[in-house]
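The values are calculated or read from the model by the stated rules, or taken from the named source; none is laboratory data. Everything numeric in this text was worked out from a predicted model, so none of it was measured. Cβ placement follows ideal geometry from the backbone for every residue including glycine, while neighbour counts extend to all protein chains displayed.
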Ligand SMILES: [Zn+2]
Ligand SMILES: [Zn+2]
Ligand SMILES: [Zn+2]
Ligand SMILES: [Zn+2]
């Protein structure tokens with residue numbers, strides 16, 4: 001089956017899903033929606049832990065939440081981790097007879113699906129996680145559900161480890177985890193590439209796999225399981241640790257791009273070249289003018305940026321937007337002189353600071369950071385990538401708040417991207433179309 005650019009290959013609701021604990025008080029546990037103006041959603045009157053928009057969401061969730069609700073009440077005020085909740089919910093679903101799924105004309109069921117048990121068994125970190133999970137799960141399911149044997153549970157755990165999707169909000173922030181049965185290997189043909197031709201986006205908890213490049217057959221579809229902004233070593237390590245394979249895609253063979261990802265600014269006036277470390281040498285040289293620099297401080301600066309990014313990410317989990325904004329902006333202005341605009345640490349710094357500026361309504365700073373980031377995003381992600389479309393939308397929105405006439409131009413560019421990555425029936429695209437209308441008058 002040929003697929004066109006901007007065509008949806010799959011639309012699928014999760015088999016099981018769980019909202020991240022960090023989102024528990026702001027989103028519906030079933031549909032993951034966050035109400036406008038941050039009005040509080042009512043809590044489940046029984047467990048008082050999860051929240052549901054309305055009766056409809058509550059009753060849709062009930063077949064799974066019913067047992068969970070009883071357990072949550074029993075272990076209160078403790079609440080098990082997201083992964084315990086996910087596996088618990090999966091066990092509830094598996095207790096009831098599940099229908100076989102038809103993939104390529106063949107009936108498949110849960111038992112057919114690959115689990116990577118061998119790899120998981122070799123993985124000390126995963127084993128440790130499993131032991132902890134098993135203990136908590138046992139006490140959580142007491143009197144509510146019979147537990148499978150350790151061996152069975154281990155297979156289920158392995159399957160979830162390699163097959164779950166991180167569910168993202170419209171701005172691509174992870175807000176939960178889901179298992180989509182048609183996407184589980186070997187049911188699914190969907191492999192990974194660091195230079196993908198398809199993307200996974202979400203509308204609520206519904207997964208959409210959309211083509212961003214035309215493909216001759218669905219067997220050729222590739223999405224990226226990880227953030228392709230990272231350098232090859234980091235990407236490969238993440239893929240190996242999480243999915244147990246060694247990526248050999250075209251992007252992984254492009255070592256030139258990796259040099260740029262860690263490059264510094266050239267010291268020659270007006271030169272926009274990338275200064276990178278000469279292999280097995282302390283010196284750095286520019287790829288355009290050839291200027292060499294003997295400067296150990298460059299690597300120190302990069303390390304400092306990395307440390308701050310880590311710190312800002314911690315603050316992000318606690319929603320300390322004002323603190324991120326202050327620290328982020330000061331680090332961006334220090335690093336701007338040293339790190340190349342295409343340096344991934346610099347891009348991540350800008351990105352984190354940008355979101356903090358938006359959260360704290362600091363539009364002028366947000367705009368400047370957005371303009372800096374979008375150039376680098378386009379360079380690495382290409383034009384048709386959800387992150388590029390969303391960033392263009394953010395910039396357009398900021399310009400629109402500032403009543404700047406340039407807004408329309410960015411919003412239209414965002415529309416070109418999001419029409420392909422999300423589709424014109426996606427709520428994000430509809431919001432954008434509305435804003436374009438407002439700015440056209
Ligand atoms: Zn809901
Ligand atoms: Zn409840
Ligand atoms: Zn790769
Ligand atoms: Zn130069």
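Which of (1) buried (at least 19 other Cβ atoms within 10 Å of the Cβ); (2) more than 25 Å from residue 3 (Cα to Cα); (3) within 13 Å of ligand 3 (Cβ to nearest atom) does residue 265 not meet, given it meets every other one?
With (1) buried (at least 19 other Cβ atoms within 10 Å of the Cβ); (2) more than 25 Å from residue 3 (Cα to Cα); (3) within 13 Å of ligand 3 (Cβ to nearest atom) applied to residue 265, the lone miss is (3).
Might you let me know whether region 410-421 holds any residue that is at pLDDT below 95 and outside the structural domain of residue 195 (by TED's automatic domain parsing)?
Checked region 410-421: no residue is at pLDDT below 95 and outside the structural domain of residue 195 (by TED's automatic domain parsing).
If we scan region 41-48, do we find a residue that is loosely packed, with under 15 Cβ neighbours inside 10 Å, in the same structural domain as residue 168 (by TED's automatic domain parsing), more than 10 Å from ligand 2 (Cβ to nearest atom) and touching a residue at least 24 places away in the same chain (Cβ under 8 Å)?
no
For residue 165, are the conditions met, namely being buried (at least 20 other Cβ atoms within 10 Å of the Cβ) and under 30 Å from residue 394 (Cβ atoms)?
Yes: the conditions hold for residue 165.
Just to be sure, is residue 211 within 16 Å of ligand 4 (Cβ to nearest atom) and outside the structural domain of residue 382 (by TED's automatic domain parsing)?
No; evaluated as a whole, the condition is false for this residue.
Residue by residue, here is whether (1) closer than 18 Å to residue 86 by Cβ; (2) part of a loop (DSSP other than H, G, I, E, B); (3) in contact with a helix residue (DSSP H, G or I) (Cβ under 7 Å, 6 or more places away or on another chain); (4) within 16 Å of ligand 4 (Cβ to nearest atom) holds:
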residue	(1), (2), (3), (4)
14	yes, yes, no, no
22	yes, no, yes, no
40	no, yes, no, no
47	yes, yes, yes, no
58	no, no, no, no
71	yes, no, yes, no
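Out of 199, 132, 144, report the one residue that is within 24 Å of residue 32 (Cα to Cα) and either outside any strand (DSSP E or B) or touching a strand residue (DSSP E or B) at 6+ places or on another chain (Cβ under 8 Å) (or both).
Checking each option against the conditions leaves just 199.
Which residue out of 31, 53 is modelled with pLDDT under 95, within 16 Å of ligand 2 (Cβ to nearest atom) and either under 21 Å from residue 207 (Cβ atoms) or surrounded by 16 or more Cβ atoms within 10 Å (Cβ to Cβ) (or both)?
53
Any chance region 227-242 includes a residue that's within 29 Å of residue 33 (Cα to Cα), touching a residue at least 24 places away in the same chain (Cβ under 8 Å) and assigned to a strand (DSSP E or B)?
No, region 227-242 contains no residue that is within 29 Å of residue 33 (Cα to Cα), touching a residue at least 24 places away in the same chain (Cβ under 8 Å) and assigned to a strand (DSSP E or B).
For region 252-346, give me every one of the helices (runs of 4 or more DSSP H) that falls completely inside it and has 2 or more residues that are within 16 Å of ligand 4 (Cβ to nearest atom).
Result: 255-261.
Among the residues of region 383-404, which ones are surrounded by 21 or more Cβ atoms within 10 Å (Cβ to Cβ) and either touching a strand residue (DSSP E or B) at 6+ places or on another chain (Cβ under 9 Å) or at pLDDT below 95 (or both)?
384, 385, 386
Every residue, every condition in (1) assigned by TED's automatic domain parsing to the domain that holds residue 25; (2) without any contact (Cβ under 8 Å) to a residue 12 or more places away in the chain; (3) touching a helix residue (DSSP H, G or I) at 6+ places or on another chain (Cβ under 6 Å); (4) under 15 Å from residue 82 (Cα atoms), yes or no:
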residue: 129; (1), (2), (3), (4): yes, no, no, yes
residue: 135; (1), (2), (3), (4): yes, yes, no, yes
residue: 152; (1), (2), (3), (4): yes, yes, no, no
residue: 176; (1), (2), (3), (4): yes, no, no, yes
residue: 180; (1), (2), (3), (4): yes, no, no, no
residue: 184; (1), (2), (3), (4): yes, no, yes, no
residue: 192; (1), (2), (3), (4): yes, no, no, no
residue: 202; (1), (2), (3), (4): yes, no, no, no
residue: 205; (1), (2), (3), (4): yes, no, no, no
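For the condition surrounded by 16 or more Cβ atoms within 10 Å (Cβ to Cβ) and touching a residue at least 40 places away in the same chain (Cβ under 8 Å), what is the one hit in 344, 374?
None of the other options fit; the residue is 344.
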